[in-house]
Amino acid sequence: MATGKRQMKLGASIRGLGYNASAWRHPDVDPGASESFAHFAECARIAEAAKFDTVFFADGLAIRAADEPKGSLCRSHENVELEPVTLLSALSVVTKNIGLVATASTSYNEPYHVARKYASLDHLSGGRAGWNAVTSWSEQEAWNFNRDEHYGKDERYDRANEFIEVVLGLWDSWDADAFIHDVEGGRFYDPEKMHVLDFKGRYFKVRGPLTSSRTPQGRPVIFQAGASDKGLDLAGRFADAVYMAPHTLDAAIKGRSVIRERAAAFGRSMDDVKILPGAQLVGGRTRGQAEDKLEYLKSLIDPLSAMARIAAQFGDLSVYDLDSPLPDDLGDSGKITVSSNMIRKALENRWTLRKLCQEVGMGQQLVILGSYDEIADTMQEWFDKGGADGFNVMPSYLPGGLADVAEHIVPRLQDRGVFRKEYEGSTLRENLGLARPASRYA
Ligand SMILES: Cc1cc2nc3c(=O)[nH]c(=O)nc-3n(C[C@H](O)[C@H](O)[C@H](O)COP(=O)(O)O)c2cc1C
C-alpha cells in the first residue's frame, strides 16, 4: 500500500434494518432486530473489522410519516428504534476503534443535554464520539415537543447556530489538565482551569460549566447534514464532517467545493471538513449479478410503503394505477414541489407509478451499481476528482448489505491504497485526520 496517499473515509449507516423501505421482508433480515442489541453489535463488528471510520445512526424524534396513503404506516419497519446515544454507549463497550456517531436535533433538545451526552460518550468510548447536528424537518417531531408546527427555516437555523455555540462553549468548561487530584494539598481540581460559560443569547441562557471534564478527543466530532443555504453555512462554520446526498459526480464536486469555500469563509482550512456523500453500494462478482441483486431488492418493496415516503410531496398516489405512466399533470398540481432528482427524473421519463415506488423505496441516496471492481472504480473516481473525502455507506438491508461491502469492496479499496488496512489512531478525530481542537481558554 502506498504510504502518504490521501485516504478515503468510510462511514456505515446502520440505522434500523436498512434503507430499503421493505428491508424487513428480506429473507436474511430478522424483522424483530430494530431494537436488538445483538443486531447492532453485529453490524458494528462487521464495520470495525473492515476498518470503517464510523457507524452512524440517523434519528428522528417521532414517527415521521403520516398514514398516507391509508394503510401504509403498518407496512413500514421504520416506526420503532432505540435511542441512538443510549445504543452507542452500549456499542462503545464491544468496539475499540470505530467512531460512534448519532444524530441529535438542535430544535428539540437543550444544548446542555447534548453537550453532556456526547461528552459522556466520548469518555466512555475513549474518544470516539460524533454528533450529527440536524435541525429536524417534520411536523410530527414538533408535536412531541409542545409545538403545533415545526420552526420555520430561518428560526431553526438561527437556533442551531446558537445551540452549537453553546455546546462548544460547554465542551471547553474544563482545561485538559484541570483535575490535579492533589491529595496532599486537598484540591481535586485547579479552580483556575474551570470555566463558567455564562452564555446569554436569543434562544438560550446557559451558565455552565458542564459536569464533564475535557473529553479524550478535545471535544466530540461534529457532523452536519443540512443541504439548504443556511445548512451549508452551518456546515462551513462548525462541521468537521458533512453528509451529502449528491446523485452525480458533478453535483458532488460542486457540493464539496461549496462546503469547503464556506469553511474558508469562516476562517477555517478547507481540509478541516470532510465531505461524505451517502451511497448504497449494490455489487456482484459481475455486473449482471449486481443487476439481479438490485432487481431483487426492488421486488421486495411494498408500493404503499414507498408512496408513504413521498406522500408529503405527491399526496396520495394510491388512487393511480401502478403500471400506468405517472399522470402528466402530476408535476403542476400545486401541492408538489418538484425538488428532488428522483421526482424530476420520474416525470421527465414518464415512469410508471410502480417504477417510481421502486426507486423511492430503495432510498433517496445515490445507488452505485456494478461489479465490485466497478464500484471501487467509481468510488475512487469520486474521491480522486474532488467529489468526496469518503462515503457514508447506507446498506439496503442489515447486516447482509454491510457485510457484502466489507467483504468485497473494502479489500479492493485497500488494494488500491486509498483505504486503510489498520486504524491510524485511537480516536475518531485521529482516524479522520482532524486536528485536536484547542480550548478557547488555551
Ligand atoms: C446523509 C444524511 C443524513 C441525515 N440524517 C438526518 C437525521 O438523522 N435526522 C434528521 O432529522 N435529518 C437528517 N438529515 C436531513 C438534514 O438534516 C436536512 O434536514 C436536509 O438535508 C434538508 O436540509 P435543510 O434542513 O438545510 O433544508 C440527513 C440528511 C442526509 C443527507
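None of the figures in this text is laboratory data; all of them are computed from the coordinates on show. Being a predicted model, the structure only gives us computed values, none of them experimental. Glycine also receives a Cβ, built like all others from the backbone with ideal geometry; neighbour counts cover every protein chain displayed.
Remarks
- Taking the Kirkwood radius as Rh and the Cα radius of gyration as Rg, segment 221-332 has a ratio of Rg/Rh equal to 1.11.
- Phi angles across segment 268-281 convert, under the Karplus curve 6.51 cos²θ - 1.76 cosθ + 1.60 with θ = phi - 60°, into 3J(HN,Hα) values of 9, 6, 4, 7, 6, 10, 9, 10, 10, x, x, 8, 9, 9 Hz, Gly and Pro given as x.
- For segment 236-288, the Kirkwood estimate of hydrodynamic radius, built from reciprocal distances between every pair of different alpha carbons, is 12.3 Å.
- Projected-area mean, segment 1-122, by convex hull of Cα positions, square nanometres: 10.0 nm²
- Cα-Cα pairs of segment 269-391 separated by more than 18 Å (percent): 60 percent
- Full extension of the chain between Glu381 and Tyr441 gives 17.4 nm of extra length, using 0.36 nm per residue less the Cα-Cα distance.
- Structure-based [θ]222 nm, the chain - -39500 (n - 2.57) summed over DSSP H runs of at least 4, per residue, nearest 500: -11000 deg cm²/dmol
- Computed over segment 26-70, the P(r) tail beyond 18 angstrom holds 52 percent of alpha carbon pairs.
- Debye log10 I(q)/I(0) for segment 108-164, one point scatterer per Cα, at q = 0.17, 0.20 Å⁻¹: -0.64, -0.80
- Intensity falloff of segment 115-222 expressed as log10 I(q)/I(0), Debye formula with alpha-carbon point scatterers, at q = 0.18 Å⁻¹: -0.96
- Nearest-0.05 FRET efficiency for Glu192 and Ser324, computed from C-beta distance (R0 56 Å): 0.15
- Lysines with Cα under 28 Å of Lys51, excluding same-chain neighbours fewer than 8 positions away: Lys5, Lys9, Lys96, Lys117, Lys274, Lys293, Lys385, Lys421
- Each listed q (0.22, 0.27 Å⁻¹) maps to a log10 I(q)/I(0) for segment 173-233 from the Debye sum over equal C-alpha point scatterers, namely -0.98, -1.08.
- Three-way shape label, segment 271-312, alpha-carbon gyration tensor, a/c 1.5: oblate
- Distance histogram in 5 Å bins (all Cα pairs of segment 164-279, percent per bin): 2, 11, 16, 15, 14, 13, 10, 7, 5, 3, 2, 1, 0
- Using the Cβ-Cβ distance between Arg287 and Asp30 with R0 set to 25 Å, the FRET efficiency works out to roughly 0.25.
- Whole-Å distance, taken between Cα centres, linking segment 187-243 and segment 401-425: 32 Å
- For the residues Met362, Met342, Met307, a GNM of the chain with alpha-carbon springs under 10 Å puts the largest fluctuation on Met342.
- With the convex hull drawn around the C-alpha atoms of segment 351-442, the volume per residue stands at 178 Å³.
- Shape metrics for segment 63-140, restricted to C-alpha atoms - Rg then Dmax, Å: 15.3, 47
- With the largest listed first and rounded to whole Å, the semi-axes of the equivalent ellipsoid of the chain from the Cα gyration tensor are 37, 26, 20.
- Computed E for Lys153/Phe37 - FRET, C-beta separation, R0 41 angstrom, nearest 0.05: 0.65
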